[in-house]
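Asker: The structure that follows is given in the form of structure tokens.
The values are calculated or read from the model by the stated rules, or taken from the named source; none is laboratory data. The structure displayed is predicted, hence computed values, not measured ones. Positions of Cβ are backbone-derived with ideal geometry, glycine not excepted, and every protein chain shown enters the neighbour counts. For accessibility, only protein heavy atoms count, side chains too; no ligands or nucleic acids. Shrake-Rupley method; radii C 1.70, N 1.55, O 1.52, S 1.80 Å.
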Amino acid sequence: MAQQTKFYFLKPVLFTLLLVSFFIASAQNTATVFGKLTNQDKEPIEDVQISINGTSQSPVFSDKNGMFEYKVPAGVDIEIVFSNLSYTQQKKAVNLLPGQRFEMNLSFTINSQLTFKDVVVNDNIRTTTAIRLDPKIVSYIPSASQDFNAILFSQPGVSSHNELSSGYSVRGGNYDENLVYVNDIEVYRPFLVRAGQQEGLSFINSDMVSSILFSAGGFEAKYGDKMSSVLDVQYRRPRKFNSTVSASLLGGSLHAEGASKDFRFTWILGARYKTNQYLLGNTDVKGDYRPSFIDIQSFMTYDISDKWEIDFLGMYSNNKYNLVPQSRQTEFGTVNQALQLQIYFDGQEVDTYETGQAALSAIYHPNSRLQMKFITSAYKTSEDETYDIMGQYYIDELENDFGKSTFGQVKSNLGVGTFLNHARNYLDATVVNGEHKGTYVMGKNILLWGIKEQHEVITDQLSQWNYIDSAGYSLPQGNMSEIYLQDPLKSEHTLSSNRTSGHLEYIWNKELRDTSNFTATLGARANYWDLNKQTVFSPRGTLAYKPNWKKDFLFRASAGYYYQPPFFRELMDPEGGIHTDVKAQQSIHFVLASDYNFKLWNRPFKFVAEGYYKILNQINPYEVDNVLIRYFANNNGKGYVTGADFKINGEFVKGLESWFSLSLMQARETINNYYYYDYYNSDGQKIISGYTANNVKTDSVRHNIGAIPLPTDQLINFNIFFQDYLPRFPDFKMHLNLLFGSSLPFGPPTHELYKDTLRMPPYRRVDIGFSYQLVKESKKLPQHNPFHLLRSVWFGLEVLNLLQVNNTISYTWVKDVTGRSYAVPNYLTNRQINLRVIVKF
């Protein structure tokens, strides 16, 4: 009995020893291959498959930093295969010792024979006007918006003077002139938004992005019909499970991604929450702010076979902005006349913007040369804007004599009044389209084509007005029994229309005898809209030449026609009327550019210089108030935009990318048959409301208006994004984001554009962030560590508006009883502290 007990005791011990011996033997029969994979520009390549030729051993994939580590058999001859559809395949034969760690760093060249998912076209970007941006940097840019578009605001040619908005202007264009694509699906901005604090989240979720292409002008025919720029974003196709959770005082996000074992099915989900309550609580207008912005997105792919793939992109967002204002105090004016506006409010504002978009794509690639993509998508938005806000205002003059004890206090009252702002605006829009895109590769040359049919239904109900009463007088003064409303707008419209568009493009590459390279990208677009019965034709072309020089220069010239058929808002005049005869605006681009890749301090750098001239025809004049654009719904304008952009980027600090950009620009427009009259009284004085006592008109002088600044005219834009770290503590980093934009034009809200020649103060903003990476992806924690499941943990502290600059976004115009107007600046956010944490699993 004792022997039997002993036998059963030894049985698990022997089994354990046998198991340990097996693992020791296995470890002794394996080796490890590791390293970093990069392209010709020394950029890391993600999703390169590493496998062993002729075996069934599971492959591994390089991460977003190009790093990989792979266990391989030791003591035998094996061939390791590195493959990615975008790059030429490489094979390496090795025979490693047991337990050996072998480093293998490889550089890959573009594979011009494969076009799966347009990878060839996207990677051959140096010969086009597009630039590639690193999506990893988005997480490190300190900004009040916490938005993906923050990476665009510091790019040459891009202007943004509102940190609460995701909107941007490019080379003299407005917010409506920019194309945005996500996985070949065009996305839209909200229609009714008037101010940046109402805008919420932009479409693009930075946690899901794999690549970013941006062109500030002269872009290819494969992109759509807008006049200024194109942003082309691709969402990631993951290879393994990853997730991210981030949080800050301005909101938070989470995402998860993964793939099936055979990699045929991939999925990525993201959710975001944003609130401006923390930022808005420190502005001039005090009150109860309750903004809430929520967004959920998904991108899924499924390979039905080796030739067919199905993709799905879905998005739902619900942005709410509620405000119960209480009071406002703003000091403005000059040293000679210091003024103060005080307002006491009643009422509230409730805005809701609910949006959904879904797209289904079928991709067919019968061979390595041909790809055909079929896309159907639907976009739906429902926007409500309702407010009744009454304000009792006091305009006071402040004591400006430094020698008096009352300096800075109210010296005299200039006006007392009441205003009432009312709106009940509702808009529903549905956009449905079907599209086909194709790519065919012929050696080094590529043919692209596409056709798209789109149906739109838009229902709009507008009812808004303003009322001003100064010292008991309705303004403007008139019959005491009548009430005069300012800017009344009441309309109701339903529009249903169809658009048909198509494009054809050919990319021709030629290597010359001296091994220099010449590339021509030639194409054209056509667009027809059945509402205004107009067909437009847009030829576009880019020529690129890379000489056989010791230094890596490339020269590029682009030209083309860019039409922008009107959307709903471009058809509406300031009084609410719809004009279906408004035609497409036209911009003819001429761009000359050069870029230079070089090394400084043995680190990679790039310098880009571009000069451009745009001829504007059939322009639909407009005015801008905050982020609201009011069109005049006609095509009686023409003009030009000219300028130059410069950018240098690289590793000013080893391992960290930074850049400096400078833009110079002038934008002018001339409106046909545009004039105004000056009126004079019997004393020969020019009549100025609120200043002259005798306002009886006895004479007049007509003035014809020449060229006036476009609302986006901005002479200088200078931007810096700079990163650094402590030499002894490299995980402690600093991120500096500096934006400077010279003055923008503005004027009184009279819809008289010739008066919009006043200038706002320059936009100056410095945001700085400090980050510390507690857990690094490159250093995995041991299994016994309770946090070993965490890939990365990143903490951040940001100081927003470091210099405490009161940037002006717009003006509130108030009047006294004489009709004299005062422009009171509306300031953006003050200095704030923001805390952030990002955890990756």
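Asker: Under a Cβ-only charge scheme (Lys and Arg +1, Asp and Glu -1), can you give me the dipole magnitude of segment 516-564 about the Cα centre, in debye to the nearest 20?
Answerer: Value, rounded to 20: 220 debye.
Asker: What FRET efficiency comes out for the pair T109/L835, r = Cβ-Cβ distance, R0 = 51 Å, nearest 0.05?
Answerer: 0.70
Asker: For F740 and V76, what is the calculated FRET efficiency with R₀ set at 45 Å and r taken between the beta-carbons, to the nearest 0.05?
Answerer: For F740 and V76, the calculated efficiency is 0.15.
Asker: For T698, what is the net charge nearby, where nearby means another residue's Cβ is under 15 Å from its Cβ and Lys, Arg count +1, Asp, Glu -1?
Answerer: Working: positive: K686, K697; negative: D678, D683, D699.
So the surrounding residues net to -1.
Asker: Sum -39500 (n - 2.57) across every DSSP H segment of at least 4 residues in the chain, then divide by the residue count to get the 222 nm mean residue ellipticity, nearest 500.
Answerer: The helix-only estimate for the chain comes to -1500 deg cm²/dmol at 222 nm.
Asker: I'd like the accessible area for E46: 1.4 Å probe, protein heavy atoms, all chains in place, Å² to the nearest 10.
Answerer: 70 Å²
Asker: List the pairs from K286/K647; K286/K686; K64/K222; K437/K551 whose alpha-carbon separation is above 30 Å, in the order I gave them.
Answerer: Cα-Cα > 30 Å for K286/K647; K286/K686; K437/K551; rest within.
Asker: M572 accessible area, nearest 10 Å², 1.4 Å probe?
Answerer: 10 Å²
Asker: Here is a follow-up. Can you pick out the pairs among K320/K840; K550/K606; K373/K444; K510/K599 whose Cα atoms lie more than 18 Å from each other?
Answerer: Details: K320/K840 29 Å; K550/K606 15 Å; K373/K444 21 Å; K510/K599 27 Å.
Over 18 Å apart, Cα to Cα: K320/K840; K373/K444; K510/K599.
Asker: How would E354, E575 line up by accessible area, probe 1.4 Å, largest first?
Answerer: Ranking E354, E575 by accessible area, largest first, yields E575, E354.
Asker: Sticking with this one: Work out the charge dipole of segment 476-609 with +1 on the Cβ of Lys and Arg and -1 on the Cβ of Asp and Glu about the Cα centre, then indicate which of L485, S496, Y506 is farthest towards its positive end.
Answerer: It is Y506.
Asker: Hey, another quick one. Given a 1.4 angstrom probe, what's the average accessible area per residue across segment 500-620, in square angstrom? Before the final figure, lay out each step's value.
Answerer: Working: 5600 Å² over 121 residues.
Value for segment 500-620: 46 Å² per residue.
Asker: OK, next. What accessible surface, in Å², does a 1.4 Å probe find on W813, ignoring ligands, DNA and RNA and rounding to the nearest 10?
Answerer: 60 Å²
Asker: Restrict the search to segment 724-809; then list the GluC sites (Glu not before Pro) that DSSP places in a loop and that have at most 13 other Cβ atoms within 10 Å of their Cβ.
Answerer: E752
Asker: May I pose another question? Rank Y613, Y87 by accessible area, highest first, at a 1.4 Å probe radius? Show your work: numbers first, answer last.
Answerer: Numbers: Y613 95, Y87 25 Å².
The ordering from most to least exposed comes out as Y613, Y87.
Asker: Let me ask something else about it. Taking only protein heavy atoms into account and a 1.4 Å probe, give the accessible area per residue of segment 329-421 in Å². List each step's numbers first, then the result.
Answerer: On the way: 4330 Å² over 93 residues.
I get 47 Å² per residue for this part.
Asker: Equivalent-ellipsoid semi-axes (√(5λ), Cα gyration tensor) for the chain, whole Å, largest first?
Answerer: On the way: eigenvalues 609, 213, 132 Å².
In descending order the semi-axes read 55, 33, 26 Å.
Asker: Using the basic label-point model (7 angstrom from Cα toward the beta carbon), what is the N400 to R728 distance in nanometres?
Answerer: So the two model labels end up 5.3 nm from each other.
Asker: Once both labels are modelled 7 Å past Cα along the beta-carbon direction, what's the Y677-W308 spacing in nm?
Answerer: Result: 7.2 nm between the two label points.
Asker: Further, regarding this structure: Average the reciprocal distances over every distinct pair of alpha-carbons in segment 275-316, invert the result, and give the Kirkwood radius in Å.
Answerer: Across segment 275-316, the inverse of the average 1/r is 14.0 Å.
Asker: I've got another one for you. Please report, in whole Å, how far the alpha carbons of segment 391-538 spread along each principal axis, starting with the longest.
Answerer: 83, 50, 22
Asker: Still on this structure, I have one more. Taking the Cα centre of the chain as origin and charging only Cβ (+1 Lys, Arg; -1 Asp, Glu), how large is the dipole, in debye to the nearest 20?
Answerer: Around 3460 debye, computed over the chain.
Asker: How large, in percent, is the carbon and sulfur part of the accessible surface of the chain at a probe radius of 1.4 Å?
Answerer: Summing carbon and sulfur atoms, their accessible area is 58 percent of the total for the chain.
Asker: What size of dipole, in debye to the nearest 20, comes out for segment 300-356 about its Cα centre when the only charges are +1 on Lys and Arg C-beta atoms and -1 on Asp and Glu C-beta atoms? Don't skip to the answer; put the middle values down first.
Answerer: Working: 3 positive and 9 negative charges, 75 e Å.
Once rounded to the nearest 20, the dipole reads 360 debye.
Asker: Separate question: Lys/Arg Cβ at +1, Asp/Glu Cβ at -1, dipole of the chain taken about the Cα centre: which of A247, P749, V76 is farthest positive-ward?
Answerer: V76
Asker: Using only the heavy atoms of the protein chains and a 1.4 Å probe, how would D731, D645 rank by accessible area, largest first?
Answerer: Details: D731 40, D645 5 Å².
The most accessible residue leads, giving D731, D645.
Asker: Could you check how many percent of all C-alpha pairs in segment 694-760 are farther apart than 19 Å?
Answerer: So the portion of pairs separated by more than 19 Å is 63 percent.
Asker: While we're here: Against the longest alpha carbon principal axis of the chain, how many degrees, from 0 to 90 and to the nearest 10, is the axis of helix 2-28 turned?
Answerer: 70 degrees
Asker: If you don't mind, another one. Accessible area per residue, 1.4 Å probe, Å², for segment 209-301: what's the number?
Answerer: Per residue, segment 209-301 has 34 Å² of solvent-accessible surface.
Asker: List the trypsin sites (Lys or Arg not before Pro) within segment 261-290 that fall in a DSSP loop (any state other than H, G, I, E or B) and whose Cβ has at most 15 other Cβ atoms within 10 Å. Could you put the intermediate results ahead of the total?
Answerer: On the way: sites: K261, R264, R272, K274, K286; in loops: K261, R264.
Counting only loop positions with at most 15 other Cβ atoms within 10 Å, the trypsin sites (Lys or Arg not before Pro) in segment 261-290 are K261, R264.
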